[in-house]
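Just below is one structure, and these are the notes that go with it.
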Amino acid sequence: MPAAPPAGPGPAREDPPVEFGPLSAAVLRLGRAHRALAGQLAREVGLRPEQAALMMHLWARGPVRQSVLAAHFGKDSAATTRTVQRLEHAGYLRRRVDPADRRATLVEPTPAGNALRGRVEQLWEHLEHVLRTALPGAELERAAAALEAMAAALLAELDAEASRSLGEV
């Protein structure tokens, strides 16, 4: 039986059923809550969370090949192209030919995109602060390590499943 929706402002949400496992339910709930708050914060600057994350990656790394962005964020090239096009259309980034390999495209922030940096970093710092205040220091470190270990296990299983599926072809 689903839990009662939380009281307060915002749309009513049901918690995922726990019949399939308490860890999976907790991960789904954490992911949903993180995505919702990240979305709310990113909207304050007119972005989506994945757009803000892509901009932060570019600010940290400088110009990057579009294919590298796709691999970094675990997205297919079509999804990455759509995100890049939206940010390019908004004037926040530009694409240019990679001088080292004229077949490749580099993506980089524009001056308008760079003007967003301080505000986007503040919003992301707020999100991190909310997460960090949920647990005391030592527990927070263990939780981060546990989440990383679970992500690695899921990704390894995903790779194994893909290999098994290819073997069946």
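The values are calculated or read from the model by the stated rules, or taken from the named source; none is laboratory data. A quick note: this is a predicted structure, and the numbers were derived from the prediction, not measured. FYI the Cβ positions are ideal-geometry reconstructions off the backbone, even for glycines, and counts take in every protein chain you see.
General remarks:
- Which listed residue is of a type in the set (A, V, I, L, M), out of contact with any Asp or Glu (no Cβ under 6 Å at 6 or more places or on another chain), modelled with pLDDT under 95 and surrounded by 15 or more Cβ atoms within 10 Å (Cβ to Cβ), from 68, 84: 68
- Verdict on residue 62 being surrounded by fewer than 12 Cβ atoms within 10 Å (Cβ to Cβ), closer than 20 Å to residue 112 by Cα and small (Gly, Ala, Ser): yes
- Pair list, Cβ < 8 Å and 6+ apart or interchain, from region 65-89 residues that are farther than 20 Å from residue 102 by Cα to residues that are surrounded by fewer than 18 Cβ atoms within 10 Å (Cβ to Cβ) and among the aromatic types (Phe, Trp, Tyr): none
- Residues (of a type in the set (Asp, Glu) and touching a residue at least 60 places away in the same chain (Cβ under 8 Å)) located in region 41-64: 44
- Elements of type helices (runs of 4 or more DSSP H) in region 39-149, at least 2 residues being of a type in the set (S, T, N, Q) and farther than 25 Å from residue 29 by Cβ: 66-73, 77-89
- Complete set of residues in region 71-81 that are under 23 Å from residue 118 (Cα atoms) and either out of contact with any strand residue (DSSP E or B) (no Cβ under 9 Å at 6 or more places or on another chain) or crowded, with 16+ Cβ neighbours inside 10 Å (or both): 73
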